[in-house]
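Have a look at the structure below, then the notes.
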C-alpha cells in the first residue's frame, strides 16, 4: 500500500537497478538542494565498472557499482529503503523481485522502463502487495515528496527545474497523472500559481499500472499533509469510474480537480490510439466525455478544457489551519541566483582520488593532516592504510605488515630483480632506471605469487571444496599451485620464515591459514619440496587478519585480489633491497657487467 506519510518518516536510502546518469544526477541535485548531508543513492546495480562519478553540489562523489545485489555490502542492503529500476523492460520482473527479496527494510520502488510485458507488471504488483511494499510504474517518471525524496525523473532532470518548480518546499497539493511529461507540467503550473506540492507521482501509461489512479488518490486522502488533489486523466480504461465510486462512497473527502484529455478522439469514426498503451477508448464509456460526466456526477471538479483546468488550479485555497504545510527545508534562504551560480559551471575533474588532497592549503592523507598522520602512526600503519584506501583498525594488521615489510626487504643478489638492478647499475644507469629494471621482473615467477596465492585460498574457502579436491583440480589441469613449493627448502628442511609468518595467525579462527596448511599436507605427500612457501603463508595470514580483524567480507577480499593489493607489500619492501643493491654497486664501481663466452651455452634443439 502506498503510504505517503510513511515515506516522509522513512530513511531515504536508494539503490538503483541500472544506470541512467541524467536521472541519477537530478536525484543527487535534489538531495543537495534539500540540504541533505549525504546523497540518498547508496549503490547502483550494473556491470562494467566499480564506481560512477557524480556531483553532490559542486563536490564530486563516487557512487559504488555492483554487478548484483549479492555483492552489495550487507550494511547497504539492510538499510536500503527504496529502489529505482532503470533496467530494460524484460528485466523488470526478475530484478524488482530480487530487490524486494534482498532488501529487508524496503518501503517501495519505481519502475522507469517502458515495454515491460503486461503479464510481468501484473505479477510484480501482486508480489509487491504480498510483501507489503509499493511499486510505481512501469513507464513511470517516479514519485517526489518535496525536500524528502525524488525517486526518478519526476520534476525534471535539471537542477534549475527543481528550484523553479519549488520542489524543495513542502506543500499541501497532490499532483497525479499517468503521463510523465504532464506530471512535470502540472508541477510547474502549480509553482507558477504560488502553490506547492505535498507529493506527486506518475502512474505510467501502461494498461496495468502497479499503483492505479484510485490507489494514488486514496494515498492522498490518507496523507495528513495533502489538502487537495490535482488529477490529469486520459481516455481509455475505467480508472475514473473507480474514482467516482470512491467519491460516491465517501471514501474520498478532499477536493479533486480533474481534467480528462482526449475528447478530440470522438471526432474520428474509429477511436485512435494515443501515446500511452491505455489511451484508447474501445467503448463509449471509455471516452473522455463519459468519464468527465461520471466524475462530475460524483462531486469532483472537472474542467472542460485545459485552460479551465489551470484556472481551477489557481483557485485552490491555501491550506486551512487544520492542514498546515510543513516548514520549508531552508535552502530557499539562499537566493535562487546564488544557488544557480554555484552550480552552473560544474565540470568533472580529470581524475578522482580517495587517498589524499588539499584542504585550506594543507595536505590531507586519509582525512588527516599530513604532519599529524606522520607523527601519530607507524610506517606499517601508514602503508597498510594507504594501500587499503582507509585507516586500518587493528593492531594485528599493523604488526603483521610491519614484519612483512622487514622480512621481504631482500633475499640476496641471486634473484632476477636484484640481478637486473645490479646489471643496470654497473651499466651506468641512474637510480630510477635501475630500480625500474628490477621491479619489472616481478611477476608470476618472481615475487608476484602472493596475490595469486591469496586468490587460491579464497577460491578454496568460497567453493567449499575439500583440500584434497582443491589439489586434485590443479593436478588434473597440470597447473602449479601458487603459494606451494620451493626450490631450496623441503618438508624435512622447512623455511624458517614460514613458521614465523604463520605465528601471526595464532588467536584467530584462521580458516584461510588452516586451509593452506591442509593443502600443504597433501602436496608434501606427493613431493617433499611442495611446502607452503613465503608467498602462500603471507597470503593466507593476511586474508585471515583482514577478514577477522578488519571486517573485510569475502567479496571485498576478492576485490583486493583484483587490484593486486597482496603483491603491493612485496613491491614496496623489495624496492628497498633493489635500491640497496644499486647503491652497493655504485660504491664498488666494478664496471659494466658482461658475460664471458663460457657462461653461455649454445642450445641445440632436436627436430
### Task
From the list 289, 282, 296, 324, pick out the single residue that is assigned by TED's automatic domain parsing to the domain that holds residue 209 and modelled with pLDDT of 90 or more.
296
### Query
Take the residues of the range 467-496 that are within 24 Å of residue 406 (Cβ to Cβ) and surrounded by fewer than 17 Cβ atoms within 10 Å (Cβ to Cβ): which is modelled with the lowest pLDDT?
487
#### Entry: In the range 102-126, the residues that are part of a helix (DSSP H, G or I) and within 18 Å of residue 81 (Cβ to Cβ)
102
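Please tell me if residue 55 is assigned by TED's automatic domain parsing to the domain that holds residue 148 and under 9 Å from the mean Cα position of the chain (by Cα). Before the answer, list the steps.
On the way: assigned by TED's automatic domain parsing to the domain that holds residue 148: yes; under 9 Å from the mean Cα position of the chain (by Cα): no.
Taking the combined requirement at face value, the residue does not satisfy it.
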### Task
Under 9 Å between Cβ atoms, at least 6 apart or on separate chains: pull out the pairs that start in the range 303-317 with a residue that is assigned by TED's automatic domain parsing to the domain that holds residue 195 and more than 14 Å from residue 232 (Cβ to Cβ) and end on any residue that is at pLDDT below 95 and loosely packed, with under 13 Cβ neighbours inside 10 Å.
314/194
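Report yes if residue 461 is buried (at least 18 other Cβ atoms within 10 Å of the Cβ) and either at pLDDT below 95 or in a helix (DSSP H, G or I) (or both), otherwise no.
Yes: the conditions hold for residue 461.
Please count how many residues of the range 39-67 are within 29 Å of residue 225 (Cβ to Cβ) and modelled with pLDDT of 95 or more. Before you say what the answer is, go through the steps one by one.
Of the range 39-67, the ones within 29 Å of residue 225 (Cβ to Cβ) are 39-42, 56-57.
So of that shortlist, the ones also modelled with pLDDT of 95 or more come out as 39-42.
Looking only at that region, the number is 4.
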### Task
Among the candidates 155, 194, single out the residue that is more than 20 Å from the chain's Cα centre (by Cα), part of a loop (DSSP other than H, G, I, E, B) and under 24 Å from residue 80 (Cα atoms).
155
#### Entry: Subset of the range 96-127 (residues that are surrounded by fewer than 23 Cβ atoms within 10 Å (Cβ to Cβ) and within 17 Å of residue 215 (Cα to Cα))
107, 122, 125, 126, 127
### Query
Scanning the range 197-216 for residues that are part of a helix (DSSP H, G or I) and surrounded by fewer than 24 Cβ atoms within 10 Å (Cβ to Cβ), which turns out farthest from the chain's Cα centre (by Cα)?
214
### Task
Filter the helices (runs of 4 or more DSSP H) completely within the range 353-436 down to those with at least 2 residues that are assigned by TED's automatic domain parsing to the domain that holds residue 537 and buried (at least 20 other Cβ atoms within 10 Å of the Cβ).
416-426
### Task
Go through (1) in a helix (DSSP H, G or I); (2) out of contact with any helix residue (DSSP H, G or I) (no Cβ under 8 Å at 6 or more places or on another chain) one by one and return the number of the condition residue 189 breaks.
(2)
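The values are calculated or read from the model by the stated rules, or taken from the named source; none is laboratory data. Just so you know, these numbers come straight off a predicted model, no measurement behind them. Please note: Cβ atoms are built from the backbone with ideal geometry, for glycine as well, and neighbour counts cover all protein chains shown.
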